Amino acid sequence: MSIKHDGFAHRSWDAAVVLEEEPLRLAISPHTPVRNSDGSVWTSDYEVEAYFHPEYWFNAFLLKKSDGSEWYCNVAAPPLFNKKKNEVHFVDYDLDVYVYADGSFKVLDRDEYEENAQRMRYSEEIRDKVEEGLRQLLQAISERREPFSYRV
């Protein structure tokens, strides 16, 4: 489940299977309901693998599309994984990066980040961690480091 800085729920997935625990890798089956905080629900026609590293301020979702795999990445606080409940929680800090099948990428939602940073009063420490997380994410994408070394 992703939450926002203010603690409110943002998005949740109805089911996922743990493939690896360290770093955490999850499989999300096609047509698994994804629930947004506004009440909307959507699904994907393809399998998704989610990657969470316990120290990185980003996570990455591999979208296994039939016409080429792509990535949707969130700049986010490191995850909290509750093994007993089989639940993952992370704070989503709005900035996203989309990686296309050809390896090109685009940073998304800078305006949403700036708006929420003001509204939710992100501390200077959080803002620094978010910017460093984005920098590390873009470097990992560019250098095709884990998890971006994996291609389907």
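The values are calculated or read from the model by the stated rules, or taken from the named source; none is laboratory data. What you see is a predicted model, and the numbers here were worked out from it, not measured in a lab. Here the Cβ is made from the backbone with ideal geometry for all residues, glycine too, and neighbour counts use every protein chain on show.
Taking the criterion of being modelled with pLDDT of 95 or more, small (G, A, S) and more than 25 Å from A117 (Cα to Cα), would at least one residue in the stretch 5-13 satisfy it? Looking through the stretch 5-13, none of the residues is modelled with pLDDT of 95 or more, small (G, A, S) and more than 25 Å from A117 (Cα to Cα).
Of all residues in the stretch 131-150, those that are free of Cβ contacts under 8 Å to residues at least 24 places away in the same chain and hydroxyl-bearing (S, T, Y) have Cβ atoms under 9 Å from Cβ atoms of residues that are buried (at least 17 other Cβ atoms within 10 Å of the Cβ) and not in a helix (DSSP H, G or I), 6 or more apart or on another chain, in S142/F105; S142/F148. Within the option set K83, K64, being surrounded by fewer than 19 Cβ atoms within 10 Å (Cβ to Cβ) and more than 18 Å from S44 (Cβ to Cβ) holds for one residue only, K83.
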